[in-house]
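Engineer: Mind having a look at this structure? Questions to follow.
The values are calculated or read from the model by the stated rules, or taken from the named source; none is laboratory data. Source: prediction; values computed, not measured. With ideal geometry, Cβ positions are generated from the backbone for all residues, glycine too; neighbour counts draw on all protein chains shown.
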Amino acid sequence: MSAEKSINNQLATDLIQRKSSGDADVSGTGAGYPRIMYFGRFLFCFLFVATGLVSLYFDAVSSSPNYPPPMLMKTLATTLLIIATIILPMSQASAQYAFGIEHSLADQDMCANITLPASALAEIIRESPESITAEDVCLGDTPEGTLTGFQTDFDGDGSEEIWLLYHTGPEDAGCNVTLIITPTGGGKYQLMDLLTFPGGKSVIHPLVTLDGGIQMYLQNTRTLEDGSNEIKGSILAYTQTALIILTSWTQKAGMRDDAFITELADVVFIDLNFDGSKEMVIRYSLHETGGGAPTSKNLVDQYILTLDFLPNHLRYGVYDSAGYDKIREAENMARVGRGQLNRDETRIDGIVKMRDALEINPFMTWARVRLGEFLLHDGKYANAEQTLLLATAFDPSYNKTYRILGDAYLRLNDLQKALAAYERYMELGTESNYYRRKVEHNIKQITIPRTRR
């Protein structure tokens, strides 16, 4: 199987079966979208109080024939409470990650989930070299809390290690450490290496599968001394008995030079070259928001970096970059190419322009989807699939992608993938009633078998 075909199957599989992340978040909430989490907590508290008040009220008036039966109203109140308990964990789950990196994380079943009591860490430290102290791993006089993480062969040497995250102290501050231990038998463990980092909300999750091991994503959120908020993402690896930082990046929101600046970072791990290994593509956007929301109108700077993992140097290295002016040129090039697709005499030039533009700025989802749509109508179904799957990697929430991808799978006679794409399109919301009816018709044709005559 070719590398290109393998990557297409990988992306399509991700579309069909999106699994829960199973992350290790010892600080409770993660850092991605806190407003959603706070809304969930507020809703839970509100409905909890409302449930009690409704129940008490209808107990008081239950003797009146003009009111509904109290058991019915209690059932209604209990239902509201159950809904709240469902929404709360959903809001917390969606609050885990920043940078859009959740779509690049490894499946939950790649590694075993591990939880250890802090007392086990205290025992590990007692049996470790004297140079390692309890303070080095955030332990106080009395071990508190738990360590959470994953167990698998992280360094590719044929034996499994356990990668853990531990937090103590206040949720938004405190002490953080991530460490590697190996089982030695009889419920005992050996400490291999550790890394301390600033306090705050933290989460880890396996990220990239290599030929010889698995990398780990670490996210840390904290408030700096100047009052600005910072989210830091890092890629870590364990090799040669050492825990190594391969690369890291940050996004901040706060005052800078008398202006409120919001830095945003978007990160995607994807095999752009179809060489069997994933590149890291990161887009930095700088907005002068004045404390408001970042928009295209207050965007003042932007650049894109493409990095390759360099195993001999144990780091990610930049092999391509594009600054603000080059990104704007790519957008103009893509618009010109889109127009050229509509004329027979300029169609090839249009394809070349759009592909060149996407190499500079792979985050232009609208351009990639338009190119995929053209390839589909031109009868190049496999090329359309490849192009559209890349679009889902860079923007999984762009609804039009899945409608056209479903059409491509219909042409390829892959009904299972077509159905998954169409269902995702309906979940995200349709572009118009026309396309809603069209997709509903296609879904019906797939799911309702025709009777043979």
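Residue by residue, here is whether (1) of a type in the set (A, V, I, L, M, F, W, C); (2) over 20 Å from GLY379 (Cα atoms); (3) part of a loop (DSSP other than H, G, I, E, B) holds:
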{"residue": "LYS417", "(1), (2), (3)": "no, no, no"}
{"residue": "GLU431", "(1), (2), (3)": "no, yes, yes"}
{"residue": "TYR434", "(1), (2), (3)": "no, yes, no"}
{"residue": "GLU440", "(1), (2), (3)": "no, yes, no"}
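Engineer: Say whether the condition of being assigned to a loop (DSSP other than H, G, I, E, B) and closer than 29 Å to LEU310 by Cβ is met by at least one residue in the range 183-195.
Structural biologist: No: zero hits.
Engineer: Additional query: Within the group GLU385, GLU423, which residue is in a helix (DSSP H, G or I), out of contact with any Gly (no Cβ under 6 Å at 6 or more places or on another chain), crowded, with 20+ Cβ neighbours inside 10 Å and in contact (Cβ under 8 Å) with a residue 12 or more places away in the chain?
Structural biologist: GLU385
Engineer: Which numbered condition trips up VAL281, out of (1) modelled with pLDDT of 95 or more; (2) more than 19 Å from ARG328 (Cβ to Cβ)?
Structural biologist: Evaluating VAL281 over (1) modelled with pLDDT of 95 or more; (2) more than 19 Å from ARG328 (Cβ to Cβ) leaves (2) as the failure.
Engineer: Let me ask something else. Regarding the range 192-199, can at least one residue be identified that is in the same structural domain as ALA120 (by TED's automatic domain parsing) and either closer than 19 Å to PHE269 by Cα or in contact with a helix residue (DSSP H, G or I) (Cβ under 8 Å, 6 or more places away or on another chain) (or both)?
Structural biologist: Yes, there is a match, as at least one residue in the range 192-199 is in the same structural domain as ALA120 (by TED's automatic domain parsing) and either closer than 19 Å to PHE269 by Cα or in contact with a helix residue (DSSP H, G or I) (Cβ under 8 Å, 6 or more places away or on another chain) (or both).
Engineer: Further question: Within the group ALA259, ALA253, which residue is farther than 20 Å from ASP320 by Cβ, of a type in the set (Gly, Ala, Ser) and under 24 Å from the mean Cα position of the chain (by Cα)?
Structural biologist: Every option except ALA253 fails the conditions.
Engineer: Taking ILE214, is it in contact with a Pro (Cβ under 7 Å, 6 or more places away or on another chain), part of a strand (DSSP E or B) and in the same structural domain as LEU164 (by TED's automatic domain parsing)?
Structural biologist: In short, yes.
Engineer: Hey, could you check the range 392-420 for residues that are among the β-branched types (Val, Ile, Thr) and under 21 Å from PHE269 (Cα atoms) and say which is surrounded by the fewest Cβ atoms within 10 Å (Cβ to Cβ)?
Structural biologist: THR392
Engineer: When the range 362-382 is examined, which residues are found to be outside any helix (DSSP H, G or I), under 23 Å from the mean Cα position of the chain (by Cα) and without any contact (Cβ under 8 Å) to a residue 60 or more places away in the chain?
Structural biologist: MET364
Engineer: Next question, about the same structure. Residue under question is THR184, and the condition is that it be of a type in the set (S, T, N, Q) and farther than 28 Å from THR223 by Cβ; does it hold?
Structural biologist: Answer is yes for this residue.
Engineer: Hey, another quick one. Just one of (1) touching a Phe, Trp or Tyr at 6+ places or on another chain (Cβ under 6 Å); (2) surrounded by fewer than 18 Cβ atoms within 10 Å (Cβ to Cβ); (3) β-branched (Val, Ile, Thr) trips up THR182, so point out which.
Structural biologist: The one condition THR182 does not meet is (1).
Each row is one residue, and each column tells you yes or no for (1) at pLDDT 95 or above; (2) closer than 24 Å to SER321 by Cα; (3) part of a strand (DSSP E or B); (4) not acidic (Asp, Glu).
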{"position": "ARG222", "(1), (2), (3), (4)": "no, no, yes, yes"}
{"position": "LYS232", "(1), (2), (3), (4)": "yes, yes, yes, yes"}
{"position": "SER277", "(1), (2), (3), (4)": "no, yes, no, yes"}
{"position": "SER285", "(1), (2), (3), (4)": "yes, yes, yes, yes"}
{"position": "ASP301", "(1), (2), (3), (4)": "yes, yes, yes, no"}
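Engineer: A further question follows. Picking from GLY227, GLY339, which residue would you name as being outside any strand (DSSP E or B), touching a Gly at 6+ places or on another chain (Cβ under 9 Å), assigned by TED's automatic domain parsing to the domain that holds THR209 and surrounded by fewer than 17 Cβ atoms within 10 Å (Cβ to Cβ)?
Structural biologist: Just one listed residue meets the conditions, GLY227.
Engineer: Right, another one. From the list ALA98, ALA106, ALA118, ALA93, pick out the single residue that is within 30 Å of LEU264 (Cα to Cα), surrounded by 18 or more Cβ atoms within 10 Å (Cβ to Cβ) and modelled with pLDDT of 90 or more.
Structural biologist: ALA98
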